[in-house]
Amino acid sequence: MDAARENELALMKFGVGQPVPRTEDPVLLRGQGRYTDDLSLPGQAWAAMVRSKLAHARIRAIRTDAARAMPGVLAIYTAADLAAEGFGPLRCPVAFPNRDGSPMKTPPRPALATDRVRFVGEAFAVVVAETLLQARDAAEAVELDAEELPAVTDPAAALAAGATALHDEAPGNLVLDYHYGDAAAVAKAFAEAAHVTRLEIESNRVVVSAMEPRSAIGEFETASGRWVLHVQSQGVFGMRASLAKDVLNVAADKVRVLTGHVGGSFGMKAPVYPEYPCVLLAAKRLGRPVKWTDERSESFLSDHHGRDHQRVAELALDKDGRFLAVRLSGTGNAGAFIYPPLPATINAVKNVIDVYKTPAMEVTTKIAFTNTTPIAAYRGAGRPEGNYYMERLIDTAAREMGIDRLEMRRRNHIAPDAMPYKAPSGMLYDSGDFTRLLDKALAAADVAGFAARRAEARARGRLRGLGIGSYLEVTAPPGKEYAGLRFEADDTVTMLSGTLDYGQGHAAPFAQVLSQTLGIPFDRFRLLQGDSDQLKAGGGTGGSRSMIVAGEAYLEASAQLVEKGRALASHLLEAATADIEFKAGRFSIAGTDRGIGILELAKRVRERTGLPADAPTSLDISHVADTPPSAFPNGCHIAEVEIDPDTGHIEVAKYTMVNDFGTVINPLLVEGQSHGGVVQGIGQALMERTVYSPEGQPLAGSYMDYALPRAADAPSFAVVSHPVPAKTNKLGVKGCGEAGCAGALPSVMNAIADALAERGIHHIEMPATPEKVWRALQGA
């Protein structure tokens with residue numbers, strides 16, 4: 001078989017668009033994964049954090065004498081020790097201006113509490129001992145002498161006059177008074193509207209609950225003065241930068257961050273956490289590695305939470321049901337310290353427009369400090385909520401105006417011939433086929449047969465509802481991304497990337513793109529992402545961006561590789577560079593059969609065979625790319641639910657999704673990502689909620705109190721693709737990681753409202769727990 005035919009057959013199996021299994025799965029399924037807690041270093045000591053049991057208190061003293069005297073205890077550190085070492089606090093890297101132009105409040109977060117503790121679970125000391133159990137036992141013996149202060153957990157209450165301020169820098173607990181939009185134009189649209197729909201709507205607080213708890217091992221290399229941190233992350237390059245600049249106050253090259261396998265993150269493992277400076281300090285002071293690993297119940301307190309927004313959502317329409325303006329106002333809960341407040345601000349702006357022509361918009365959010373675990377990004381980070389608000393408004397407006405909900409959507413869809421479409425959010429949509437996609441979803445879900453399914457459910461005493469959830473997400477904005485290609489001595493090729501795989505399965509689709517582009521066999525590629533020493537840049541993974549940015553960077557790196565290879569091959573083939581062509585993994589002289597394969601060329605270059613002295617010493621490429629602008633994945637999810645009116649229990653009985661992810665590199669992985677996102681959306685819609693007592697005590701501190709969706713809660717999914725390639729990146733991809741949540745929230749909640757409508761109930765807040773649904777039915 002000739003090389004061209006061999007390459008053609010390989011692409012049929014491993015090229016772009018093929019459902020190639022994840023290459024890391026055999027390792028993980030055999031239990032050979034190397035997660036951070038799997039690591040144990042020679043001479044390693046153990047750390048345990050000492051956390052506040054009070055939501056708000058002024059620290060008088062931290063008593064450690066009894067703990068220091070316990071067996072195996074090596075050291076106990078407090079904020080004073082971190083300050084003595086010159087460590088800085090954790091800082092919010094993003095700031096928005098207030099409505100009046102003044103800067104938002106960003107009080108720094110000390111790794112260990114100094115003057116006050118501000119939420120249950122905030123660490124104020126760290127104990128280091130020879131063993132894990134010794135460290136935990138001693139941590140329980142550390143005493144906090146503190147004056148308890150009033151606590152506040154609700155953003156509206158925190159912003160009310162007379163509420164106790166959490167930070168001196170933020171009087172009145174106001175972090176940010178955010179505003180976007182043309183207030184005058186929106187007010188005019190509402191004043192002239194034939195109909196206004198208004199909903200009070202909440203995005204409930206959730207625990208992130210990644211499968212793998214956080215863990216960290218700190219080292220200090222005395223000879224080089226370098227800090228080494230083994231830790232989960234969403235990108236080692238960004239983690240290193242934050243540690244070096246904000247915490248350690250050293251040059252970036254004095255810090256190395258190493259990340260192995262990561263068992264889920266959903267945004268939670270991206271930032272620097274207080275435990276990381278603590279293990280690094282201990283490692284330096286003790287001259288040995290120091291390890292810390294979260295317990296699951298501890299993670300409910302120490303990991304940041306997600307969501308927690310309270311909204312008034314309003315939609316202005318003309319007499320025909322066409323949208324004139326949308327307006328969001330309300331509050332967002334920051335928790336006790338501020339992380340980038342993207343979910344309640346700019347991501348709400350970018351995503352609430354959804355797939356609809358909406359001439360004007362306004363978003364106003366007051367973000368407040370409260371005595372709760374800090375809030376940060378969680379799968380979608382404001383994107384699913386934006387779509388949820390709009391889709392709930394549409395169903396409500398359609399019912400109020402007596403217009404079919406499907407017809408209202410069609411009337412307001414942005415048409416394909418309107419592309420590129422400049423939305424009032426400032427986003428420039430490049431592609432989309434929203435009406436045809438909706439129609440495909442209706443057919444795939446057999447909406448025509450729903451009336452019969454509802455009648456059959458009614459005969460069994462069940463209430464059945466159907467919900468539509470269209471969505472359009474705006475992926476992460478442009479930045480820098482790294483792509484490296486390194487030819488190894490064993491004829492494998494190492495792909496280096498500044499993204500980071502924490503469950504997505506990057507290795508296979510990256511290799512599919514490169515195998516198709518360079519003609520190198522798929523099984524020769526290896527992926528390296530988790531060593532900051534190996535990278536020159538990297539934006540990490542988040543915002544459904546990895547295939548967009550890494551794909552673009554790898555295509556650019558491949559083009560550089562081909563040009564470099566043509567020049568090197570010209571020496572070996574004794575021809576002018578201009579006469580060398582590259583095709584299917586082979587450099588050859590145009591019009592002849594004389595050539596050399598790319599892997600053989602890499603070997604010859606490495607061995608310096610037949611090349612001039614000044615020729616490059618490798619075929620390797622190291623490339624930092626300017627990444628493409630945001631893409632706009634979109635779709636329509638259709639859910640059917642059945643409700644038992646006697647108990648309030650909800651079953652998601654049928655679920656269909658049609659997605660436009662642009663060019664689909666690997667449909668198997670895309671479908672898996674879609675399934676996971678939908679299940680997380682179902683969890684938030686039906687059962688997940690983090691609750692605090694008025695004193696700031698968390699009432700859902702373990703899986704005994706906090707419900708996560710199980711396999712039995714998930715239906716069989718029908719997944720259909722309707723790809724419209726993006727025009728803003730070379731591969732035409734749009735991103736898929738967060739879209740499942742974006743479609744699930746509105747489709748499931750609209751289905752519940754549809755089912756309850758025959759009992760006169762038209763809106764219910766998330767999570768729609770059996771108790772909440774039952775009480776609503778009894779009240780009706």
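The values are calculated or read from the model by the stated rules, or taken from the named source; none is laboratory data. This is a predicted model, so every value here is computed, not measured. Don't worry about glycine lacking a Cβ; one is built from the backbone with ideal geometry, like all the others, and counts go over all protein chains shown. Just so you know, the surface numbers come from the protein's heavy atoms only, side chains and all, with ligands and any DNA or RNA stripped out. Shrake-Rupley method; radii C 1.70, N 1.55, O 1.52, S 1.80 Å.
Of all residues in region 557-567, those being open to solvent by less than 40 Å² (accessible area, probe 1.4 Å) and in contact with a Pro (Cβ under 7 Å, 6 or more places away or on another chain) number 0. The number of residues in region 291-345 being among the aromatic types (Phe, Trp, Tyr) and either farther than 24 Å from residue 169 by Cβ or free of Cβ contacts under 8 Å to residues at least 24 places away in the same chain (or both) comes to 3. The requirement of being at pLDDT 95 or above, open to solvent by less than 50 Å² (accessible area, probe 1.4 Å) and within 14 Å of residue 623 (Cα to Cα) is fulfilled nowhere in region 572-591; no residue meets it. For region 690-739, which positions are closer than 22 Å to residue 383 by Cα, surrounded by fewer than 21 Cβ atoms within 10 Å (Cβ to Cβ) and among the basic types (Lys, Arg)? The answer is 727, and nothing else.
Cβ-Cβ contacts under 8 Å between residues 6 or more apart (or on different chains), taken from a first residue in region 228-249 that is among the charged types (D, E, K, R) to a second residue that is in a helix (DSSP H, G or I) and crowded, with 24+ Cβ neighbours inside 10 Å, are listed as 240/532. Of everything in region 35-48 that is open to solvent by less than 20 Å² (accessible area, probe 1.4 Å) and part of a strand (DSSP E or B), the residue that is nearest to residue 128 (Cα to Cα) is 47.
When residue 51 is tested against (1) open to solvent by 50 Å² or more (accessible area, probe 1.4 Å); (2) of a type in the set (D, E, K, R); (3) over 24 Å from the mean Cα position of the chain (by Cα), exactly one condition is not met: (1). Quick check, is residue 96 open to solvent by less than 60 Å² (accessible area, probe 1.4 Å), more than 21 Å from residue 243 (Cα to Cα) and at pLDDT below 95? For residue 96, the condition - open to solvent by less than 60 Å² (accessible area, probe 1.4 Å), more than 21 Å from residue 243 (Cα to Cα) and at pLDDT below 95 - is met. Output the residues belonging to region 60-93 that are within 26 Å of residue 107 (Cβ to Cβ), open to solvent by 30 Å² or more (accessible area, probe 1.4 Å) and assigned to a strand (DSSP E or B). The answer is 60, 61, 62.
Looking only at region 328-375, count how many residues are small (Gly, Ala, Ser), open to solvent by 10 Å² or more (accessible area, probe 1.4 Å) and within 18 Å of the chain's Cα centre (by Cα). Residues in region 328-375 being small (Gly, Ala, Ser), open to solvent by 10 Å² or more (accessible area, probe 1.4 Å) and within 18 Å of the chain's Cα centre (by Cα): 0 in total. Among the criteria (1) more than 22 Å from residue 544 (Cα to Cα); (2) out of contact with any Leu (no Cβ under 6 Å at 6 or more places or on another chain), the one residue 268 does not fulfil is (1).
All of (1) of a type in the set (A, V, I, L, M, F, W, C); (2) in a loop (DSSP other than H, G, I, E, B); (3) open to solvent by less than 10 Å² (accessible area, probe 1.4 Å) hold for residue 282 with one exception: (2). Of all residues in region 250-265 being open to solvent by 10 Å² or more (accessible area, probe 1.4 Å) and part of a strand (DSSP E or B), which is farthest from residue 288 (Cα to Cα)? Checked region 250-265; the qualifying residue farthest from residue 288 (Cα to Cα) is 261. For region 295-327, the tally of residues that are of a type in the set (Lys, Arg), open to solvent by 30 Å² or more (accessible area, probe 1.4 Å) and under 14 Å from residue 389 (Cα atoms) stands at 1. Scanning region 550-591 for residues that are at negative phi and not in a helix (DSSP H, G or I) yields 575, 576, 580, 581, 582, 583, 586, 587, 588, 589, 590.
Listed by position, the helices (runs of 4 or more DSSP H) inside region 431-549 whose residues that are more than 30 Å from residue 28 (Cα to Cα), open to solvent by less than 20 Å² (accessible area, probe 1.4 Å) and touching a residue at least 24 places away in the same chain (Cβ under 8 Å) number at least 3 are 434-444. The criterion of at least 2 residues that are closer than 30 Å to residue 475 by Cβ is met by the following strands (runs of 3 or more DSSP E) wholly inside region 592-705: 621-626, 634-643, 650-660. Comparison of 742, 757, 751, 768 shows that the only residue that is touching a residue at least 60 places away in the same chain (Cβ under 8 Å), among the aliphatic types (A, V, I, L, M) and in a loop (DSSP other than H, G, I, E, B) is 768. Test residue 637 against the criterion of being open to solvent by 10 Å² or more (accessible area, probe 1.4 Å) and either at negative phi or in contact (Cβ under 8 Å) with a residue 24 or more places away in the chain (or both), and give yes or no. So residue 637 fails the test.
Restricting attention to region 414-422, does a residue exist that is surrounded by 19 or more Cβ atoms within 10 Å (Cβ to Cβ), under 22 Å from residue 395 (Cβ atoms) and in contact with a His (Cβ under 8 Å, 6 or more places away or on another chain)? Looking for residues that are surrounded by 19 or more Cβ atoms within 10 Å (Cβ to Cβ), under 22 Å from residue 395 (Cβ atoms) and in contact with a His (Cβ under 8 Å, 6 or more places away or on another chain), one finds none in region 414-422, hence no.
Exactly one residue out of 644, 660, 614 is charged (D, E, K, R) and either modelled with pLDDT under 95 or in contact with a Cys (Cβ under 6 Å, 6 or more places away or on another chain) (or both), and it is 614. Among the residues making up region 510-544, a single one is at pLDDT 95 or above, more than 13 Å from residue 483 (Cβ to Cβ) and within 19 Å of the chain's Cα centre (by Cα): 530. Confirm whether residue 606 is basic (Lys, Arg), open to solvent by 10 Å² or more (accessible area, probe 1.4 Å) and over 29 Å from residue 427 (Cβ atoms). When the stated conditions are applied, residue 606 passes them.
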